[in-house]
Structure formats: structure tokens, C-alpha cells
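Quick notes on the structure that follows.
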Amino acid sequence: AYRDGLQQLVGAEALAYFYPDRMIRRFVATIDNLPRQEASAKLMPVKPVGGPFLVESNASSKTIDPANARRYVRYLDIMAAVDAKRLVDIYISFYPVFQQAYRELGYPRGYFNDRLVDTIDDLLATPDVAHPLAVVQPKVLYKFADPALEKLSAGQKIMLRMGAENMARAKILLIAIRGELLRRSPGK
């Protein structure tokens with residue numbers, strides 16, 4: 001039923017970007033983890049962006065290649081095509097399932113809706129920093145060279161990796177969703 005509602009919202013083609021199994025649990029776990037230091041890709045409801053992480057190298061430093069931002073455009077296009085009111089309609093209609101999944105994560109007294117708004121607020125608080133961003137590669141994965149950026153939440157680091165233009169676009173969409181959520185918060 002939730003999958004059907006999501007398909008009506010984003011379309012069958014866009015639904016291919018989502019993992020079909022345990023969709024609500026994945027969404028709840030990701031929302032809970034994004035404001036933390038780490039968010040497991042294995043729990044995310046959407047499939048990873050395609051292609052390799054693009055980096056420009058010169059003799060003294062490495063920076064995120066501006067072309068890396070293209071990897072995120074399709075996801076933002078899907079998000080932008082979603083009507084915030086209809087999205088929140090579906091969310092509210094399935095809220096008891098979201099709340100139950102949140103309880104199963106170990107929050108018997110908390111409310112998922114509160115965590116969702118907190119997570120959106122954390123994403124919206126992502127700092128606007130000058131691009132391109134310097135990165136280092138201590139092992140396999142790249143990290144931000146600036147320790148202050150590397151200490152940001154997992155969600156904020158994702159926002160920075162998607163590029164300034166995409167991040168600005170995502171923030172506009174998140175503001176619309178947040179506004180709709182606060183206007184019509186589900187019962188606790």
C-alpha cells in the first residue's frame with residue numbers, strides 16, 4: 001500500500017531509484033541517522049547515486065570535481081516533481097507505521113515526526129561554503145580536508161557533496177516539506 005502511494009507520487013520510473021524491501025523501516029532508520037556522524041548506506045531507502053565520486057587532483061591538493069554534482073540531479077528532479085502536500089498526505093496516512101518502525105529502532109517514548117522535523121532542520125543548517133571543497137583520501141573513501149566539515153552530520157556531508165547548486169535546490173524543497181509538515185503534523 002505504501003509502495004503504491006509512493007509510485008503514484010513519484011511515478012513507476014522514479015520508483016526504480018528506491019529499494020522496494022522494508023521501505024518505511026529504511027526511511028525511518030535513515031531519518032534517524034542523518035543528523036548523526038554516520039548514516040549507513042545499507043539502510044537508506046534510495047539507491048546510491050551512480051558513477052564514481054569525481055575528484056580533481058593537482059600537485060598539492062584534491063577537490064571535489066564540479067562535475068560530481070551531475071550525479072545527484074536525477075534524484076533532485078524526482079524530489080522536485082513531488083508535490084509537498086501530497087507527500088505529507090501519504091506520510092500522515094501511514095504515520096502509525098512510521099511511528100511503529102521508530103519505536104522498533106529503540107525509541108518507545110519518542111515521536112518519529114519530531115525526529116523528521118529535527119532531521120530536516122539539520123539538513124537546512126548545512127553551511128554554505130566556498131566550492132570546490134578540498135578532500136583527502138586517507139584510505140579508500142574520501143573525506144573533507146577541513147576537520148570542521150568532516151565533523152558535520154552525515155546528512156550535512158551528503159548535502160555538501162552534491163554541490164552548491166544542488167544543495168540550494170534541495171533546501172528549497174526541504175523548506176516546502178517542512179512547512180507542510182508543521183501545518184498538518186500527524187497526531188502523536
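Residues that are in contact with a Lys or Arg (Cβ under 8 Å, 6 or more places away or on another chain) and open to solvent by less than 30 Å² (accessible area, probe 1.4 Å) within region 50-68 comprise ILE64, ASN68, listed in sequence order. When we screen ARG36, ARG71, ARG103 for residues that are of a type outside the set (Asp, Glu), modelled with pLDDT of 95 or more, under 22 Å from ALA125 (Cα atoms) and surrounded by 12 or more Cβ atoms within 10 Å (Cβ to Cβ), the only hit is ARG36.
Looking only at region 85-100, residues that are charged (D, E, K, R) and open to solvent by less than 80 Å² (accessible area, probe 1.4 Å) come to 1 in all. Which one of ASP128, ASP122 is exposed (fewer than 14 other Cβ atoms within 10 Å of the Cβ), of a type outside the set (Phe, Trp, Tyr) and farther than 20 Å from SER57 by Cα? None of the others qualify; the one that does is ASP128.
Is it the case that TYR19 is open to solvent by 60 Å² or more (accessible area, probe 1.4 Å), of a type in the set (Phe, Trp, Tyr) and more than 19 Å from the chain's Cα centre (by Cα)? So TYR19 does not fit the description; no. Taking residues in region 18-46 that are under 13 Å from ALA154 (Cβ atoms), and partners anywhere that are polar (S, T, N, Q) and in a helix (DSSP H, G or I), the pairs with Cβ atoms closer than 6 Å and at least 6 places apart or on different chains are ILE31/THR119; LEU34/THR119; PRO35/THR119; ALA39/ASN33; LEU43/THR30; MET44/THR30. All of (1) in contact (Cβ under 8 Å) with a residue 24 or more places away in the chain; (2) within 26 Å of ASP146 (Cα to Cα) hold for VAL82 with one exception: (2).
When you look at VAL10, is it open to solvent by less than 40 Å² (accessible area, probe 1.4 Å), over 30 Å from GLN137 (Cα atoms) and in contact (Cβ under 8 Å) with a residue 12 or more places away in the chain, yes or no? Steps first, please.
Numbers: open to solvent by less than 40 Å² (accessible area, probe 1.4 Å): yes; over 30 Å from GLN137 (Cα atoms): yes; in contact (Cβ under 8 Å) with a residue 12 or more places away in the chain: yes.
Judged against the criteria, VAL10 is a match.
Got at least one residue in region 25-47 being closer than 19 Å to PHE94 by Cβ, over 14 Å from the mean Cα position of the chain (by Cα) and assigned to a helix (DSSP H, G or I)?
Taking region 25-47 and keeping what is closer than 19 Å to PHE94 by Cβ, we get 25-32, 43-46.
Next, only the ones that are over 14 Å from the mean Cα position of the chain (by Cα) stay: 25.
Those left that are additionally assigned to a helix (DSSP H, G or I): 25.
Looking for residues that are closer than 19 Å to PHE94 by Cβ, over 14 Å from the mean Cα position of the chain (by Cα) and assigned to a helix (DSSP H, G or I), one finds at least one in region 25-47, hence yes.
For first residues located in region 161-180 and under 21 Å from PHE144 (Cα atoms), partners that are open to solvent by less than 30 Å² (accessible area, probe 1.4 Å) and of a type in the set (Val, Ile, Thr) and lie 6+ apart or on another chain with Cβ distances below 7 Å form the pairs ARG161/ILE64; MET167/THR126.
Comparison of VAL82, VAL117, VAL140, VAL135 shows that the only residue that is surrounded by 13 or more Cβ atoms within 10 Å (Cβ to Cβ) and either polar (S, T, N, Q) or modelled with pLDDT under 95 (or both) is VAL82.
The values are calculated or read from the model by the stated rules, or taken from the named source; none is laboratory data. For clarity, every value in this text was computed on a predicted model and none was experimentally measured. Cβ atoms come from the backbone with ideal geometry, glycine included; neighbour counts cover every protein chain shown. Just so you know, the surface numbers come from the protein's heavy atoms only, side chains and all, with ligands and any DNA or RNA stripped out. Shrake-Rupley method; radii C 1.70, N 1.55, O 1.52, S 1.80 Å.
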